[in-house]
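First the structure, in the form of C-alpha cells, and then the observations on it.
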Amino acid sequence: MNYDDFADLYDHQYDLYRDDLHFYAGVAERTGGPVLEVGAGTGRVTAFLARRGVRVVGLEPSARMIERGRARAQAEGLDLTFLQGDAGSFRLEERFKLAIAPFNALMHLYTPAEQLRALENIRAHLNPGGAFVFDLYVPRYGEMNTLRHEGETFYGQDGSRTDVFLVQRHDRPRQHVTTEYYVDTTAPDGTLRRRHYTLTQRYYTRFEVEWLLRCAGFEAPRVTGSFQGGPLTEGSEVMVFQTRVG
C-alpha cells in the first residue's frame with residue numbers, strides 16, 4: 001500500500017482521532033523508552049508521545065507521510081525521528097524496550113509470510129523481555145459494493161467544500177477489504193474536482209493473531225476489547241494486543 005498520494009486525505013480524516021493516544025502514552029511511560037513505532041504515518045501518535053517526554057523512532061514506508069510528520073514536528077517544536085522502511089525489512093542497530101503498531105498498522109501485511117517476517121523482525125529489534133503492543137479493528141463493515149457518504153465533510157479556508165464518498169469490496173478468501181475513496185471538492189464557483197484513492201487492508205481474527213505472535217517468538221498476548229481494558233466481545237470495535245518477547 002503506497003500512502004504517498006493518500007497522505008493529505010489521511011491527515012484530514014484522522015488527525016483529530018484521539019481514542020488511542022492516552023493508552024499508548026501510558027504504555028510507553030510505564031515501559032520506558034526508547035520506543036519503536038511501526039507505521040508512524042504522519043506522526044499523530046509519535047508527536048503525542050514526544051510531547052510526554054518519550055523518545056520515539058517512527059518507522060514509516062511512505063516518504064510523503066514522513067514529510068508531513070516532519071512538518072508537524074517543526075510546527076510544534078518537537079524533535080521527532082522518522083525512518084523510512086517497512087516492518088519486514090528495516091534494520092537498526094538500536095534495540096528497544098517497547099514496540100507499538102497503532103491504528104491498524106499491521107493490516108498492511110497481506111500474507112502469512114509477510115506477517116511472520118514483520119513480527120520476527122520487530123521482535124529482533126526488542127530487548128530481552130521487551131514489549132510489543134498494537135491494535136486492530138474488529139472486521140465489521142458497512143454495505144458492500146455501495147457508494148456511501150459517512151459524514152466526512154471538510155471546509156477549506158477558500159470557501160471550498162470537500163466530501164468523502166467510499167465503496168468497499170470484500171475478498172473473503174484472502175481476508176481483504178478494499179476501499180475506493182472518491183474525494184469531491186466543490187469550489188466556491190461550483191467547479192467540482194474529484195480525486196480517487198484505493199486502500200486495501202488485510203483483516204485478522206483474534207486467535208489468528210495469537211498464533212502468529214507465538215510463531216514469531218512472543219508470549220501469549222493479553223487481549224482486550226477497548227483501549228480502556230475489558231474483554232473482547234461481539235460489541236467491541238477494536239482488538240488491543242499486549243505481549244512480550246518470549
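Data table
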quantity	calculated
Of residues in region 190-214 being open to solvent by 80 Å² or more (accessible area, probe 1.4 Å) and of a type in the set (K, R), the one farthest from Y110 (Cα to Cα)	R193
Search result, residues across region 65-92 that are open to solvent by 80 Å² or more (accessible area, probe 1.4 Å) and over 18 Å from G33 (Cα atoms)	E67, R70, Q74, A75, E76, Q84, R91
Strands (runs of 3 or more DSSP E) contained entirely in region 19-118, each with at least 3 residues that are in contact with a Leu (Cβ under 9 Å, 6 or more places away or on another chain) and under 14 Å from F132 (Cα atoms)	35-38, 96-101
Residues of region 93-136 classified as of a type in the set (A, V, I, L, M), open to solvent by 50 Å² or more (accessible area, probe 1.4 Å) and in contact (Cβ under 8 Å) with a residue 40 or more places away in the chain, total	1
Total residues in region 215-246, condition farther than 18 Å from L126 by Cβ, open to solvent by less than 40 Å² (accessible area, probe 1.4 Å) and of a type in the set (A, V, I, L, M, F, W, C)	5
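So that you can scan it fast, the table gives a plain yes or no per residue for (1) in contact with a Pro (Cβ under 9 Å, 6 or more places away or on another chain); (2) within 18 Å of L9 (Cα to Cα); (3) part of a strand (DSSP E or B):
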site: E120; (1), (2), (3): no, no, no
site: F165; (1), (2), (3): no, yes, yes
site: V177; (1), (2), (3): yes, no, yes
site: D189; (1), (2), (3): no, no, no
site: R194; (1), (2), (3): no, yes, yes
site: T198; (1), (2), (3): no, yes, yes
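The values are calculated or read from the model by the stated rules, or taken from the named source; none is laboratory data. What you see is a predicted model, and the numbers here were worked out from it, not measured in a lab. All Cβ positions, glycine included, derive from the backbone under ideal geometry; neighbour counts span all protein chains shown. Surface areas here come from the heavy atoms of the whole protein model, side chains and all, with no ligands, DNA or RNA. Shrake-Rupley method; radii C 1.70, N 1.55, O 1.52, S 1.80 Å.
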